[in-house]
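To keep things clear, I will list the structure first and then write my remarks on it.
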Amino acid sequence: MYALDTNSLSYFLKGRGRVGERLLAQPPAKVGLPSVVLYELAYGAARSQAPPDLKARLETLLRSLPILPFGEAEARAAARIRADLETAGKPISEPRPPAGPARRSRPRWSRACPCSS
């Protein structure tokens with residue numbers, strides 16, 4: 001199962017990068033949307049001045065993806081995975097510089113933890 005993150009879906013909706021190609025190459029049953037990401041996207045859309053067609057594409061996409069719960073087991077598994085990756089020198093995201101413009105990071109695809117399948 002692939003769990004999509006907010007950046008990946010934003011790139012997909014805006015047609016940036018190769019996210020669309022990678023997303024559409026997956027069987028729909030193997031792609032899900034964590035509930036935390038749904039929250040971030042819904043909040044962003046509510047505050048956005050984006051064109052109505054972009055918001056409509058978001059709603060269409062949200063109807064086509066299963067929403068993955070993010071409960072205690074998922075939170076603990078995610079914390080363990082993140083700590084293990086950081087210990088291995090492979091952090092999930094790079095820290096932003098303390099000053100200056102924020103750098104755009106490439107969207108990352110992540111496998112959902114086994115507890116959410």
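The values are calculated or read from the model by the stated rules, or taken from the named source; none is laboratory data. None of these values were measured; they are calculated from a predicted model. Ideal geometry is used to build each Cβ from the backbone, glycine not excepted, and the neighbour counts take in all protein chains shown.
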Take Val31 and decide whether it is without any contact (Cβ under 8 Å) to a residue 60 or more places away in the chain and in contact with a strand residue (DSSP E or B) (Cβ under 8 Å, 6 or more places away or on another chain). yes
Give the residues of region 52-93 that are farther than 22 Å from Lys30 by Cα, part of a loop (DSSP other than H, G, I, E, B) and free of Cβ contacts under 8 Å to residues at least 12 places away in the same chain, sorted by residue number. Ala88, Gly89, Lys90, Pro91
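Quick grid of which residues meet (1) at pLDDT below 90; (2) touching a strand residue (DSSP E or B) at 6+ places or on another chain (Cβ under 8 Å):
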residue	(1), (2)
Met1	yes, yes
Gly44	yes, no
Ala56	yes, no
Ala78	yes, no
Ala83	no, no
Gly89	no, no
Restricting to region 28-78, name every residue that is more than 22 Å from Met1 (Cα to Cα) and of a type in the set (Gly, Ala, Ser). Ala42, Gly44, Ala45, Ala46, Ser48, Ala50, Ala56
(1) modelled with pLDDT of 85 or more; (2) assigned to a helix (DSSP H, G or I): which one isn't true of Gly32, the others all being true? (2)
Failed condition for Leu24, given (1) surrounded by 14 or more Cβ atoms within 10 Å (Cβ to Cβ); (2) over 16 Å from Ile67 (Cα atoms): (1)
Looking only at region 91-117, and only at residues there that are loosely packed, with under 10 Cβ neighbours inside 10 Å and hydrophobic (A, V, I, L, M, F, W, C), the one that is modelled with the lowest pLDDT: Ala102
